[in-house]
2 protein chains.
Amino acid sequence: MADVQLDGVTSDPVAMGWMVGAPPPLDKRILAARADHMRFPMIRWSYSNMRSFAATANVAASGTGTPFPRNLRPDLAALRFTPLGAGEDMTFEQSLIRNYTDGILVLHRGEVVFERWFGVTGPLTRHIAFSVTKSFVGTLLEMLVGEGRIDLSARVDSVIPELASSGFGNATIGQVHAMTTALDYSEDYTDPNSGVGAYSNALGLTPRPAGYTGPNNLWDYLATVPGAGSKGAVGNHGERFVYRTPNTDVLAWIISRAEGKPLHQVLSQRLWQPLGMLGDADLMVDEAGSPFAGGGLNLRLEDLARFGEALRLDGAGVIPEADVARIRSGGYPARFDPVTYPHLPGWSYGSQWWHSHDNHGAFNARGIHGQTLWIDPVAEMVISRFGSHRIASSIANDPHSVPVWRALADALSS
Amino acid sequence: MADVQLDGVTSDPVAMGWMVGAPPPLDKRILAARADHMRFPMIRWSYSNMRSFAATANVAASGTGTPFPRNLRPDLAALRFTPLGAGEDMTFEQSLIRNYTDGILVLHRGEVVFERWFGVTGPLTRHIAFSVTKSFVGTLLEMLVGEGRIDLSARVDSVIPELASSGFGNATIGQVHAMTTALDYSEDYTDPNSGVGAYSNALGLTPRPAGYTGPNNLWDYLATVPGAGSKGAVGNHGERFVYRTPNTDVLAWIISRAEGKPLHQVLSQRLWQPLGMLGDADLMVDEAGSPFAGGGLNLRLEDLARFGEALRLDGAGVIPEADVARIRSGGYPARFDPVTYPHLPGWSYGSQWWHSHDNHGAFNARGIHGQTLWIDPVAEMVISRFGSHRIASSIANDPHSVPVWRALADALSS
């Protein structure tokens, strides 16, 4: 593979000259019709410019937000840590290149103590958050649960009759929320026949195969996902955590039905405006207007940090404290598969958040290619990071990320 | 035609229920794949939500803008005027419904004296401006001319060699700016084989015909437009004004090449940020990243008014006074075709603006379906209006617009 040689430096999108010029030279164009925008190394440019490749809906900020104060600690760049597994010690700075970082902010006690930007990503950039989006959706769901408007023990088809004959229909909303549904759906990005392939075709994020006659939007697609009892589904709802993106799209559907509004408006009214986000965000939508709730939020890195800071501060008066407490209590480590996540021992997934259950109670939101929101309540630290790692799975960047988050926590607490 | 019955009230997009619900009922969905978003009455919803149907680039505001003060004059609603032609007298209020208005602001001496919103359009909405976009591009061009960085007497192909064999190549930049190029291109929206049909296919704003093999972006398309000497072109460059949208896309290309930046960044840096626009704007782009400079700007109505107010105030310290003076001097009425524009006698087109040459020196930006920015320097009045008129051509709304702008000017001056 030609791109094996490209590391975090040599894949720099400015150096590679993507989309520079009017028009860009033919070999520097990133074309959605070729799915370039979803392929490395072009993603180093496209993940900071997704609205140029997809229809979006606006998540409006109030326009009255103020930035976090800066109290920079340049010494943190030289902080050394040992990667997970067999890696040699490296510095925090080196890890940023290693992980194809596009931008990172470290907050300590509400002040930015470390800030770094790479390539085409800057403070105003709205970068795709991928599955970090799920943690926004999960938080909204907890808020509606707290208000008594959504009942986690209710069956999905009692709220969304359209899903009655799908695998979601006879699951409880709580099982969807916890991603313990039993479905015939695989999230294997390397298998074109996996469930995520069908999901992607419905969404239309990349060109559909010639002659495609399947669903052309997520709502229609969700109704087609087979469930417990079908040949590809293992076990029953509620038995174990299996990470499957469409669960989050079902949650978004439930939220929109409860609120009577599209997801981008709910995000704006319940989070973006009251939290004082600095900028609007872009939520990708498909051709019928279904939101890409499983991964289509594009936002500023500092606004991502602000969301984390609100969670750290028990909701900051915007998210009720009891809802934050439920989120922070985490999921069930016993349902977390040690074979799939050997490098994350003792973790759990709950409320659409990842929970380390370490002695700091650290929990986090994560998306493919390195999107991260890490909250360490004991160290009073929040880290937001965008990336465009050449490998989608977090397994590729966790070894040089998770241990340095803890090293930063320890350094800031000492 | 079924929609003949729908007037400004009965076509209200809220009443019609477009895109309400998760998902919207099948008969309430507006699908780009069917080109619904460009057809009445769906446009009453879609023109306020174009980024949900098209890829866009962000035109960033500074985040420090402040709204115009309000000093409302409710009495203006009852102002009576006589429409052009054979119409009976009506009130300003009645004209708003008659013209399928989505929003209107009237500024007098920098204060909002009249403000009205309809349907799904509000102060935060980014509504498509269509050809009002051209006047932003023309203003940028004048700024670069004023800086000596663009020479209106230079041939287009001296700056854009890619256009050498097109009809634009041997025209001067000034002829493109004045839309006096002789091209084989018709702007007839009712003829599927007209030039605007080929333009639209290249842009991809609506689905391309099956088997389409033409250009897939505006840059490539512009190079194919035949010019003087080809069978469809009449006369020679410079002889007469003929309104043809691709001229503006050529100007945008020249601007981007001079600035070394895409148009959305030039708009942000030279106008949006220094003018203190309240919100970001969305600039539609095609699949290669070419901006839809001829008509793809989506912005807030108050930001449109702010642009007009800057022109009224000799550039407001942002656009050099000499550049504004050149814009306000207008084009050549002798080149303006009285057969095409019988209701606009004595007008001209210059610097990508429309000039009435009336005794107030009123000039304006205009886009199909009622998009308007009207500047009356003598009355110290600026009007910005968005609309979704069932008929594209301004001829459909001018009779109930142009005379009331003057009636408002007179009322505010008395």
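The numbers here are math on the coordinates, done by the rules we state, and not lab data. This is a predicted model, so every value here is computed, not measured. Note that each Cβ is placed from the backbone with ideal geometry, even for glycine, and that neighbours are counted across all protein chains shown.
Computed from label points 7 Å out along Cα-Cβ, the spacing between A:Ala325 and B:Ile97 is 5.5 nm. Here the Karplus relation 6.51 cos²θ - 1.76 cosθ + 1.60, evaluated at θ = phi - 60°, turns the backbone of the stretch A:376-385 into coupling constants of 10, x, 5, 7, 6, 10, 10, 10, 10, 9 Hz, with x for every Gly and Pro. Starting from the label point of B:Asn236 at 7 Å along Cα→Cβ, the same points in the other copies fall at 8.8 nm, in ascending order.
For a straight C-alpha distance cut-off of 22 angstrom, the lysines reachable from B:Lys28 (same-chain residues fewer than eight places away being disregarded) are A:Lys261. Listed by chain and number, the aspartates and glutamates whose C-alpha is less than 13 Å from the C-alpha of B:Lys231, apart from same-chain residues fewer than 8 away, are B:Asp184.
Among the residues of B:46-57, the average count of other protein chain beta-carbon atoms within 10 Å of the residue beta-carbon is 4.
Based on Cα contacts under 8 Å between residues 6+ apart, chain A shows a relative contact order of 23 percent.
Amide H contacts under 5 Å for A:Gly367: A:Ser131, A:Val132, A:Thr372, restricted to partners 5 or more places along the chain or on a different chain, H placed in the peptide plane at 1.01 Å from N. Shape summary of the stretch A:2-54, radius of gyration then Dmax from alpha carbon positions: 10.7, 30 Å.
For chain B, a Gaussian network of Cα nodes joined below 10 Å ranks B:Leu105, B:Leu26, B:Leu124 by mean-square fluctuation, and the top entry is B:Leu26. Each 20 Å bin from zero holds the following percent of Cα-Cα pairs in chain B: 28, 61, 11, 0. With the Kirkwood sum run over all distinct C-alpha pairs, the stretch B:142-272 has a hydrodynamic radius of 15.3 Å. With neighbours defined as other Cβ atoms within 10 Å of a residue's Cβ, the residues B:Thr180, A:Thr181, B:Thr66 order from fewest to most as B:Thr66, B:Thr180, A:Thr181. Shown here are the Rg and Dmax of the Cα trace of the stretch A:171-233, at 12.4, 38 Å.
Ranked by Cβ crowding within 10 angstrom, fewest neighbours first, how are B:Phe307, A:Phe386 ordered?
Fewest-to-most ranking of B:Phe307, A:Phe386: B:Phe307, A:Phe386.
Just counting partner chain Cβ atoms within 10 Å, what average do the residues of peptide A:282-293 show around their Cβ? Each step should come with its number before you reach the end.
Details: counts 4, 1, 1, 4, 1, 8, 9, 12, 3, 1, 0, 0.
Whole-number average of other-chain Cβ neighbours for A:282-293 is 4.
Inter-copy label distances for B:Asp314: 6.0 nm (label point placed 7 Å from Cα along Cα→Cβ; shortest first).
Sorted largest first, the spans of the alpha carbon positions of the protein assembly as shown along the three principal axes are 82, 53, 52 Å.
Contact order for the stretch B:2-54, expressed relative to its length and based on alpha carbon pairs under 8 Å spaced 6+ residues apart, stands at 32 percent. Considering only the Cα atoms of the stretch A:227-313, their convex hull presents on average a projected area of 7.8 nm². Each Lys or Arg adds one and each Asp or Glu takes one away; over the other residues whose Cβ falls under 11 Å from the Cβ of A:Arg335, this sums to -1. Highest mobility in the GNM of chain B, judged by mean-square fluctuation with C-alpha springs under 10 Å and restricted to B:Ala33, B:Ala55, B:Ala396, is found for B:Ala33.
Report note on the peptides B:133-140, B:285-292, B:68-75: ranked by the mean count of other C-beta atoms within 10 Å, highest first, their order is B:133-140, B:285-292, B:68-75. For the stretch B:359-368, the Karplus equation 6.51 cos²θ - 1.76 cosθ + 1.60, evaluated at θ = phi - 60°, returns couplings of 6, 9, x, 5, 9, 7, 10, 9, x, 4 Hz by residue, with Gly and Pro reported as x. Which cross-chain or sequence-distant (5 or more) residues have an amide H under 5 Å from the amide H of B:Leu183, H modelled 1.01 Å from N in plane? Result for B:Leu183 returns B:Val234. The phi torsions of the stretch A:211-217, fed into the Karplus equation with coefficients 6.51, -1.76 and 1.60 and a -60° offset, translate into couplings of x, 4, 10, x, x, 10, 6 Hz, rounded to whole numbers, with Gly and Pro shown as x.
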